[in-house]
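Each reported figure results from applying straightforward, stated rules to the coordinates on display, with no laboratory input. Note that this is a predicted model, so its numbers are computed, not measured. Note that we place each Cβ from the backbone using ideal geometry, even for glycine, and neighbour counts take in every protein chain shown.
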Amino acid sequence: MSEDPQERERRGYETMLGRLRERLEEAEHGFGPRVREALEHAREQAVELGELTREEADRIASWLRRDLEEAADFTARTDRDLNSWLHMDVQLIENWILDRFTSVADRQRLEWLEFEQFLERASEYHTGEIAGPGRLRCRNCGETLTFTRPGHIPPCPKCHGTVYSRAPAEGSPSG
């Protein structure tokens, strides 16, 4: 029986995030790869090991990059921690995914500050893509979806919209 493609992508997201973190940890003691280089390595490794097709790995890498850029932007703009960005109790998220996501996002934050002027576009999340933990708001009706772990983005349960953005933190200027 063949594997469910959505489950394969979700598991690929988690595996690539873990490899990204490992690669960045290896570089901690010397001049090592930047987040983009480490992400490229994780993508290539997934393809070389036959875990994902090239197309799957490319899609997942773009989703990971988007999630990390959003997290880094939030922490840089607001000086708040990732728990605020995720909008949930840390206990809801599996410890291993939180640990991996947080360590990579902290590293990404430093790079984000360096490239901030190039990353002014609003990130869009689309039905069928994978999003990391946190909340997304439907751009059509404002309905909020909460992800406690990486998962495929469904159509909006309220209006069937297909485009989302990160839900702003409660108490933030846009929240």
For F147, the residues 5 or more places away or on another chain with a placed amide H closer than 5 Å to its own amide H are G134, R135, L136
Once amide hydrogens are built 1.01 Å from N within the peptide plane, the residues lying 5 or more places from N140 or on another chain with amide H under 5 Å from its amide H are V163
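Taking the beta-carbon count within 10 Å as an exposure proxy, list F147, F74 from fewest neighbours to most.
Ordered by Cβ neighbours within 10 Å, fewest first: F147, F74.
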At R0 = 25 Å the Cβ-Cβ FRET efficiency linking R77 and C141, nearest 0.05, sits at 0.45
